[in-house]
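Derivation of every value follows stated rules applied to the coordinates shown; laboratory data play no part. In this text, all values refer to a predicted model and were calculated from it rather than measured experimentally. Neighbour counts are summed over all protein chains in view; Cβ atoms, including those assigned to glycine, are modelled from backbone coordinates with ideal geometry.
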Amino acid sequence: MSNTSENPKPSSSSAKMTLKTSDNELFEVEEAVAMKFCTVKQYFEDEKDSDVAARGSTTVIPLPNVHSAVLATLISYGKKLPQSNAVADNHEEEETKKKERKKYEQGLLKNLMPGELLDLISAANYLDFKEGLEFFNQALADHIQNKSVEYVRKFFGIKNDYEPHEEEKYREEYAWAFEGVDED
Amino acid sequence: MEKDGVEEAFDRFSNLPVPIIHRIMSFLPTTKDVTRVAVLSKTLNSVCHSYPILDFDQRSWKKIMGFDSFLDFMQKSLQHRRESNIDIEIFKLCVIDHDGKSDQRIDESIRFAIEHNVKELDLRFGDYWIRSRYKCYGQLYTLPKTITTKSIVVLNLVGLAFKFEDLIPSLNLVEHLSIELCSVSSNFTISSSKLKTLELQNCKGLKTIVVDAVNLQYFSHSTFTGSSEISLGDCKSLKYVKLDNTAITDDWLKNHLSKLLLLESLILKSCKILGEIDICHQKLKHLALLNCDKLVKAKIEAPNLVSFYFYNKSRFPVITLQCSSQIYADLILFGISPTNDEQFMNFKNFLGSFSHCKSLSLTLPDMELSLLEELRNALRSPLLSLKHLRVQLFSSSRSLPELLDILLCLSPYLETMCITSKYKENFEEVVFPLLFFCSFLGPSLIVLMYFSLVS
């Protein structure tokens, strides 16, 4: 899966970069979106310093810690964010864009498996993709909120390494924290 | 293995980087949620104990445990943390049931936070809403004297008793300082290049305030008794100043405005000494003169003024206003009665300055229909910019169509119109609900008839 919309203008806003994932897939991404991944931005700027001639045309940036499926979602999320170089919209356009974004976000989260969510957080952290990290962290917190300990352990595959008596002690001491949680 | 959970044997959640787990925890809405995370696994337990944000709010615990148990719980939680010896970023404590006597558990917790280099310290004692509403201080908690810290960047204190001399040595790095409903020493003098926002609200005993903070951008002061002297002239970066019931003079205002060249917002509320003011400022964007009842004359020359709020209770001053055509004005004017020709003249002239402005909202609780007619006849051209009009009438001697006719002649492009039919003493109860309601009305003209409740 790659982004192949061509734009003949050589302006920097439509410059593209190629990212290579752990499973050797290539993604062509607009510079504006790729720059939201600060790790990529840093790599790009380091490259630029050492090679003035080719500006993003042939450089392939390797991302050995990111799988293609994960990168695809992160790029897709990155595209939906307000672009820093975009022309300022009027109020109505802004509202429509906001609604679209909300709808996209809901759709994205609805079908997300817990393992995928953990992957996205790890990848967003590795790429230093701040907005993505915030968004998926919030999503994870929303999943945990008011859920029982058993549910959260099961859902995220958390290993319970407590001895039974240790856990019992904790539950007694903080009994109030276990009241009123959602049914599993 | 469960089908809908993660199937790997490796616990990826517990092994996420600690800062990420902390960030996720900061999104959890209740302390219950945060506490349960510690029970998920031993790894997460130690991550919880290094969570740098501590928030002990007695209000959230009121349903679960009493005041004494709450303090015990706080003490125990802090004991758990002593072993890990990790710095704390934010420490918040809110206590409402204390009786003014020092409690070792509270003092200990404050010292604990300071020993662990807390950056943001938020201490609130007593029921804030009741105190603000009824303008009383209640029982104040004495801040332990031995706190000297060099790490605090944000400091919020409500409901405490202390002397500034004891506090100021710890304020070297403070950027945001807010002191409210506290009992303090009479002199507050601070010199700091880090201070960005300063709020001194309703502090008992405060008489003089001298601030030398070259990077201060926001300053807000209010008092129940109105007897403070303030000096802000050296704060060249000030952008926002709000003074409520502060005893500033006309000269003070002129003096400070000539020094605060970057000022953008100025809010003067209940400044009862101001008589004749002269506001001449290039950068000023927002100006509010609210309930400054001794004001007789105001000359305002602010070419960049974007919003102007004016509210008076008794007399209507002579106001000359030179501003941009981009201005949005909100005027609530009492005291323009049929027997007062002078005020009517002042008002008429004043209204003329808004003929080209962007939007005008006018509330005239005392205006009679005959006066409105006179106004319509007196103005050479109707108020083209008037978008929102609220009028309160003594009697409904004319029928509604006639009233609407007059008002629409006065301002043909109205978007919303509010008419109240019964005079009511306390304007807040009448006008603010209307203002609130009107702000949600749509673009087509809507007329509201408001019949006030019999008190």
Q: Ignore the peptide's own chain and count Cβ atoms of other chains within 10 Å of each Cβ in A:111-122; give me the average, rounded.
A: 3
Q: Report, in whole Å, the centroid distance computed from the Cα atoms of the range A:126-149 and the range B:187-210.
A: 40 Å
Q | Cross-link pairs beyond the 32 Å C-alpha cut-off, checked among B:Lys32/B:Lys204; A:Lys36/B:Lys236; B:Lys92/B:Lys135 | A | B:Lys32/B:Lys204; A:Lys36/B:Lys236
(Q) What does the C-alpha gyration tensor say about the overall shape of the range A:61-156? Classify as rounded when a/c is under 1.5, otherwise prolate if a/b is larger than b/c, or oblate. (A) oblate
Q: First obtain the Kirkwood hydrodynamic radius of the range B:1-122 from its Cα pairs, then insert it into the Stokes-Einstein equation at 4 °C and 1.567 mPa s, and state the resulting D in µm² per second as a whole number.
A: 81 µm²/s
Q | Global form of the range B:183-338, assessed from the alpha-carbon gyration tensor, a/c cut-off 1.5 | A | oblate
Q.
Show me, for the range B:259-267, the HN-Hα J-couplings you get by feeding each phi into the Karplus relation (A = 6.51, B = -1.76, C = 1.60, θ = phi - 60°), rounded to Hz, glycine and proline as x.
A. 9, 8, 6, 9, 4, 10, 10, 10, 10
Q. About the Cα centre of the range B:33-80, what is the dipole size in debye to 20, counting +1 per Lys and Arg Cβ and -1 per Asp and Glu Cβ, all else neutral?
A. 140 debye
Q.
Within the range B:155-194, name every residue whose backbone N is under 15 Å away from a label modeled 7 Å from Cα of B:Thr208 along the Cβ vector.
A. B:164-165, B:185-191
**Q.** aspartates and glutamates whose Cα lies under 13 Å from that of B:Lys283, excluding same-chain neighbours fewer than 8 positions away
**A.** B:Glu264, B:Glu301
Q.
Loop only by DSSP, 12 or fewer other Cβ within 10 Å of the Cβ. Give me the trypsin sites (Lys or Arg not before Pro) in the range B:86-140 that pass, ordered by residue number.
A. B:Lys101, B:Lys135
Q. Counting every Cα pair in the range B:139-193, what percent are over 17 Å apart?
A. 33 percent
Q. Quick one: Cα convex hull volume of the range B:154-257, Å³ per residue?
A. 80 Å³
Q: Please find the FRET efficiency linking B:Glu108 to B:Tyr134, where r is the Cβ-Cβ separation and R0 is fixed at 25 Å, and quote it to the nearest 0.05.
A: 0.20
Q: Please work out, to two decimal places, the log10 of the ratio I(q)/I(0) at q = 0.14, 0.15 Å⁻¹ from a Debye calculation in which every Cα of the range A:107-184 carries one identical scatterer.
A: -0.59, -0.66
Q | Sites matching trypsin sites (Lys or Arg not before Pro) across the range B:216-294 that sit in DSSP coil, with at most 13 neighbouring C-beta atoms within 10 Å | A | B:Lys294
Q | Under the Karplus curve 6.51 cos²θ - 1.76 cosθ + 1.60, θ = phi - 60°, whole-Hz ³J(HN,Hα) for the range B:11-16, x wherever Gly or Pro sits | A | 7, 6, 5, 4, 9, 5
Q. In terms of Cα to Cα distance under 21 Å, which lysines are near enough to A:Lys99, apart from those fewer than 8 places away along the same chain?
A. A:Lys79, A:Lys80, A:Lys110
**Q.** Over the range B:67-139: Rg over Rh, Cα atoms, Kirkwood Rh
**A.** 1.02
Q) Which whole-Hz ³J(HN,Hα) couplings does the range B:132-144 yield from phi under the Karplus relation 6.51 cos²θ - 1.76 cosθ + 1.60, θ = phi - 60°, glycine and proline marked x? A) 5, 5, 9, 6, 10, 9, x, 7, 9, 9, 7, 5, x
**Q.** Size of the range B:246-307 as Cα extents on the principal axes (Å, biggest first)
**A.** 26, 22, 18
